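Heads up, the thing below is written out as structure tokens.
The values are calculated or read from the model by the stated rules, or taken from the named source; none is laboratory data. Model, not experiment: these values are computed from the prediction. Backbone-built Cβ (ideal geometry, glycine too); neighbour counts: all protein chains shown. Only protein heavy atoms, including side chains, enter the accessible area calculation; ligands, DNA and RNA are left aside. Shrake-Rupley method; radii C 1.70, N 1.55, O 1.52, S 1.80 Å.
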Amino acid sequence: MANTATVTSLDAQIEEAFGRPIGVLRGEVEAPAVRRVLEMRAMLAVVEQHLDQVRARLHSATDPERPTADLAADDLTVDAEWLAAAASARNRHVQDITTLLRTMPPATAPAARPVQAKAQAVATAIPPPAMATTATSPHR
């Protein structure tokens, strides 16, 4: 998976939900929930890296030591739009991962045992229908 060495803002929650570190989870991608969360985590890592780059660019452009003649309003506007888009994407990924983690059973839950259902007799209050007789009745 891409971005395997990148740390994301949700790594601690992911590790807590699965009960194992991210490095161990990478070896368990055959499990659908692990595969899905690692894919979503990779997308979050890309977005968070982009967010950091745009934020660093804005900080550099607005550094008090930098000459004001270097400020370009158009560049700042574009960077602000990129920052808003990256923050929005990050929020969506965080929400998706959080929802996935919330809907999973706890990592410490005991393994489910198969339950054998017992057939139950159904009691009804309706009497059985009257038996039809083979005798013929006179016609009128």
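Return yes when R36 is charged (D, E, K, R), open to solvent by 60 Å² or more (accessible area, probe 1.4 Å), part of a helix (DSSP H, G or I) and closer than 19 Å to T99 by Cα and no when it is not.
yes
Evaluate the following for E48: is it touching a residue at least 24 places away in the same chain (Cβ under 8 Å), under 22 Å from the mean Cα position of the chain (by Cα) and closer than 28 Å to R102 by Cβ?
yes
From the list R57, R66, pick out the single residue that is among the basic types (K, R), farther than 30 Å from P105 by Cβ, assigned to a helix (DSSP H, G or I) and at pLDDT below 95.
Unique residue meeting the criteria: R57.
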